[in-house]
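Engineer: What follows is a structure written as structure tokens; I'll ask about it next.
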Amino acid sequence: MGKTLFDKIWEKHVVQSVEDGPDVLYIDKHFIHEVTSPQAFAALDKKGIKVFRPQQVVATADHNVPTINQHLPISDHLSRMQVDQLIENCKKHDIQLYGLGHPYQGIVHVIGPELGITQPGMTIVCGDSHTSTHGAFGSIAFGIGTSEVEMVFASQCLLQNKPKIMRISVEGKLNKGVVSKDIILYIISKISASGATGYFIEFAGPAITSLSMEARMTICNMSIEMGARGGMIAPDETTFEYIKEREFAPKEQQWEKKIQEWKQLFSDSDAVFDKELLINASEIEPMITWGTNPGLGISISGLIPVAESIPDEGERNNIIKALHYMGLQEGKSLKGLAVQNVFIGSCTNARIEDLRLVAGVVKGRRKNANVRVLIVPGSQQVAAQVKQEGLDQIFWDAGFEIRQAGCSACLGMNEDKIPAGEYCISTSNRNFEGRQGAGARTLLASPLTAAATAITGVVTDVRELLS
Amino acid sequence: MEAINIIKSRFVPLPVENIDTDQIIPARFLKATTKEGFGKNLFRDWRYKGNNENQLSQFVLNDETYSGEILVAGRNFGCGSSREHAAWAIKDYGFKVVVSSAFADIFQSNALNNGLLPVTVSEVFLQKIFSLSNRSILEVNLKEQTISISETGERESFPISAYKKTCMLNGYDDVDFLLNLRKEIEKFENLN
Ligand code: SF4
């Protein structure tokens with residue numbers, strides 16, 4: 001029987017198997033950040049041990065950093081202590097840190113790929129659920145908790161049970177105005193926020209393989225939002241082309257050798273998956289969420305469901321609770337809803353291609369006077385590229401605010417919060433209650449839809465602006 | 001890690017599905033660099049109004065008629081962020097067991113790694129627990145892998161990996177296990 005892509009990578013990383021228990025899985029790359037690492041470092045210190053393989057660890061500060069005046073000391077005392085702690089821990093354990101002020105600083109899942117650290121066939125972990133992003137390169141990448149961060153520090157290994165594998169194939173071609181964010185929001189709306197719990201997902205099919213690397217990252221990024229531990233896409237020429245010549249990409253002979261290895265990374269034609277799902281790309285329209293989990297989404301021309309029509313009682317109660325929190329009415333369209341905030345950022349959609357999409361819509365236009373628009377590039381390198389391409393001028397002219405790199409209003413840990421009761425159309429990945437600030441109401445959508453809404457001030461079908 | 005086997009206690013019901021880790025502990029409370037003290041902000045925005053200490057009386061943690069070491073919640077508990085602070089907060093508040101009909105994967109590992117026992121029951125059994133009075137007692141027996149309702153004697157068994165069960169019963173943690181393996185790991189590195 002053939003093997004899946006997942007099996008091939010997993011098997012190569014098993015150090016040993018515990019009888020009747022998990023596998024000891026070797027981890028190639030470990031990304032860390034300021035929020036989920038301090039307790040793990042403290043635990044090492046308590047045991048009097050050092051990080052086992054510091055060269056396989058890469059650190060950045062992203063979750064809890066301000067997005068203005070990053071050259072000044074952080075004014076929030078607790079945030080400053082946390083960021084300082086990371087600097088101290090990295091120094092003590094000889095870990096490479098791309099901290100504030102470094103030209104490579106940025107959201108951990110943006111910088112790994114852009115520096116060429118993320119490569120096919122690797123096992124990659126980080127104390128952050130959106131580590132799934134790195135799966136876009138054909139690697140096994142998943143988020144872990146702080147105890148597991150400690151385990152990887154101590155041994156470069158984790159005890160893991162092999163998950164089940166689901167393949168989601170997206171056939172056909174995408175419609176105009178539809179981008180990878182819409183594909184993933186569509187899939188999650190179909191299978192629910194818990195529909196892939198216990199699974200690892202391989203995304204396949206022509207509508208996936210025709211995507212750029214950055215668009216693929218958006219898809220893998222949000223696989224966690226349907227409960228999956230991670231998502232992955234088999235590497236191909238697009239992948240190799242993206243990695244080539246990046247800072248930490250293999251060079252010269254090493255490159256040739258790696259390419260040969262990477263070309264073996266695909267699911268065999270007779271591989272058997274625990275579950276298969278087929279999606280037709282032509283059915284997908286621009287998507288938007290109306291509720292308080294990423295599964296509660298509709299197409300932009302669709303209607304919010306009517307609670308009574310949901311047979312399952314638990315789900316019905318969810319919907320009623322979500323509608324109440326969001327201040328929305330069942331059976332209504334979202335189009336035309338006045339929005340006070342637009343957030344373009346996060347590890348889902350703050351790469352250069354995303355910002356080019358936004359610029360394409362807003363060029364020569366101005367934002368609606370009633371909205372506040374925040375653009376937070378995913379990394380310093382993305383921010384530099386924005387400048388180089390002159391996109392920053394387009395954004396300033398449109399009345400958008402451009403900030404420095406970080407997670408920002410994606411999780412509302414720093415000052416960038418959405419005020420209670422206000423709506424925010426956001427290119428991030430979570431619309432949970434209070435995610436963007438206590439009482440904030442988040443509508444998840446693509447960079448195109450967010451840009452169109454910034455211009456009109458109300459939820460807008462971007463296709464109306466494109467034509 | 002603290003060893004755990006039999007927990008017999010009243011329970012706190014939270015019949016809401018898809019409770020995500022942002023509800024369990026909002027991001028603004030993640031600035032600490034130690035594991036202690038998160039319990040006071042457990043379910044913060046459901047417990048208090050705004051940033052002051054005005055309790056929302058209808059929320060179950062503010063209702064004195066409910067208490068116990070067992071939290072019972074709706075399906076897909078702990079989805080969202082990988083923040084282990086969620087498990088720390090539940091533990092710090094005083095819970096030792098969380099019961100649901102489904103847990104998100106990362107939350108489940110985080111709970112197990114902190115001596116907080118996640119007990120997965122059928123949806124029918126879960127609803128049965130929700131229909132009990134607030135004085136009812138649940139008994140969770142890890143060795144037997146069972147959960148039972150004291151007043152009716154109804155019981156269900158729950159799954160847990162044999163390895164994790166041993167760890168929890170004895171208070172072992174994975175780090176010690178892995179540290180003992182460093183030689184084998186080095187060997188593996190040299191071969192690959
Ligand atoms: S941008 Fe948002 S989702 Fe991504 S790592 Fe930061 S907080 Fe997490």
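Engineer: Would you work out which of A:Ala271, A:Gly302, A:Ala228 lies farthest towards the positive end of the dipole of the stretch A:225-349? Charges go on Cβ: Lys and Arg +1, Asp and Glu -1.
Structural biologist: Positive-end residue among those listed: A:Gly302.
Engineer: Between the stretch A:180-199 and the stretch A:66-145, how many Å separate their Cα centres?
Structural biologist: After rounding, the separation between the Cα centres reads 26 Å.
Engineer: Using Cα positions and a limit of under 25 Å, work out the lysines in reach of B:Lys164, with same-chain residues fewer than 8 apart set aside.
Structural biologist: Of all the lysines, those that pass the test against B:Lys164 - Cα under 25 Å, at least 8 places apart if same chain - are A:Lys12, A:Lys46, A:Lys47, A:Lys162, A:Lys164, B:Lys8, B:Lys35, B:Lys91, B:Lys96, B:Lys143, B:Lys183.
Engineer: Continuing with the same structure: How about the stretch A:9-105: which GluC sites (Glu not before Pro) there are in a DSSP loop, with at most 16 other Cβ atoms within 10 Å of their Cβ? Display every interim value, and only then the final one.
Structural biologist: Numbers: sites: A:Glu11, A:Glu19, A:Glu34, A:Glu88; in loops: A:Glu19, A:Glu34.
Within the stretch A:9-105, the qualifying GluC sites (Glu not before Pro) (loop, at most 16 other Cβ atoms within 10 Å) are A:Glu19.
Engineer: Measuring from a point 7 Å past the Cα of A:Lys50 along Cα-to-C-beta, which residues in the stretch A:83-103 have an amide N at less than 17 Å?
Structural biologist: Answer for the stretch A:83-103: A:88-97.
Engineer: Using a cut-off of 18 Å between alpha-carbon atoms, which lysines can reach A:Lys181, once sequence neighbours fewer than 8 places away in the same chain are excluded?
Structural biologist: Answer for A:Lys181, where 18 Å is the Cα cut-off: A:Lys173, A:Lys190, listed by chain and number.
Engineer: Taking the DSSP beta bridges in the stretch B:6-191 as the whole, what percent of them are antiparallel, to the nearest 5?
Structural biologist: If I count the DSSP bridges inside the stretch B:6-191, around 50 percent turn out antiparallel.
Engineer: Taking the dipole about the Cα centre of the protein assembly as shown, with the C-beta of Lys and Arg at +1 and of Asp and Glu at -1, give me whichever of A:Ile191, A:Gln329, B:Phe103 is farthest to the positive side.
Structural biologist: Farthest towards the positive pole: A:Gln329.
Engineer: Then there is this: Could you quote the convex hull projected area for the protein assembly as shown, Cα atoms only and averaged over all directions, in nm²?
Structural biologist: On the way: hull surface 110.6 nm².
The Cα convex hull of the protein assembly as shown, projected and averaged over all directions, gives 27.7 nm².
Engineer: How well do other chains shield peptide A:36-44, expressed as the mean number of their Cβ atoms within 10 Å of each residue Cβ?
Structural biologist: 3
Engineer: Which residues does a label at A:Gln388 reach in the stretch A:319-357, if reach means a backbone N under 12 Å from a point 7 Å past the Cα toward the Cβ?
Structural biologist: Residues A:352 qualify, since their backbone N sits under 12 Å from the label point.
Engineer: To the nearest Å, what is the center-to-center distance of the stretch B:77-145 and the stretch A:401-467, using C-alpha atoms only?
Structural biologist: 33 Å
Engineer: Right, something else. Calculated from DSSP H runs of 4 or more alone, at -39500 (n - 2.57) each and per residue, what is the 222 nm mean residue ellipticity of chain B, nearest 500?
Structural biologist: Result for chain B: -7500 deg cm²/dmol, rounded to the nearest 500.
Engineer: Based on Cβ point charges of +1 for Lys and Arg and -1 for Asp and Glu, what charge dipole magnitude is obtained for the protein assembly as shown about its Cα centre, in debye rounded to the nearest 20? Spell out each step's value before the answer.
Structural biologist: Working: 67 positive and 78 negative charges, 174 e Å.
With only Lys, Arg, Asp and Glu charged at Cβ, the dipole is about 840 debye.
Engineer: Separate question: Exactly which GluC sites (Glu not before Pro) in the stretch B:84-164 are in a DSSP loop and have at most 14 other Cβ atoms within 10 Å?
Structural biologist: Within the stretch B:84-164, the qualifying GluC sites (Glu not before Pro) (loop, at most 14 other Cβ atoms within 10 Å) are B:Glu144, B:Glu151, B:Glu154.
Engineer: Rounded to the nearest 500, what is chain A's calculated 222 nm mean residue ellipticity when only DSSP H runs of at least 4 contribute -39500 (n - 2.57) each, over all residues?
Structural biologist: Computed ellipticity for chain A at 222 nm equals -9500 deg cm²/dmol.
Engineer: I've got another one for you. At what distance in angstrom do the alpha carbon centres of the stretch A:330-382 and the stretch B:1-74 lie from each other?
Structural biologist: Using only Cα atoms, the two centres lie 35 Å from each other.
Engineer: Turning to a different aspect of this structure: Apply the a/c threshold of 1.5 to the C-alpha gyration tensor of the stretch B:6-191 and tell me whether it is rounded, prolate or oblate.
Structural biologist: Oblate.
Engineer: First check a/c for the stretch A:289-466, with a ≥ b ≥ c the square roots of the eigenvalues of its C-alpha gyration tensor; if it is under 1.5, answer rounded, and if not, answer prolate when a/b is larger than b/c or oblate otherwise.
Structural biologist: prolate
Engineer: Name the helices (complete DSSP H segments) of chain A with a Cα length along the long axis of 18 Å or more and a Kyte-Doolittle mean of at least -1.0, or state none. Please report the intermediate quantities before stating the final value.
Structural biologist: Numbers: long enough: A:77-92 (22 Å, -0.82); A:313-326 (20 Å, -0.77).
Result, helices passing both filters: A:77-92, A:313-326.
Quick note: the coordinates plus some simple rules give every number you see, no bench work behind them. Please read these numbers as outputs of a predicted model, since none were measured by experiment. Glycine also receives a Cβ, built like all others from the backbone with ideal geometry; neighbour counts cover every protein chain displayed.
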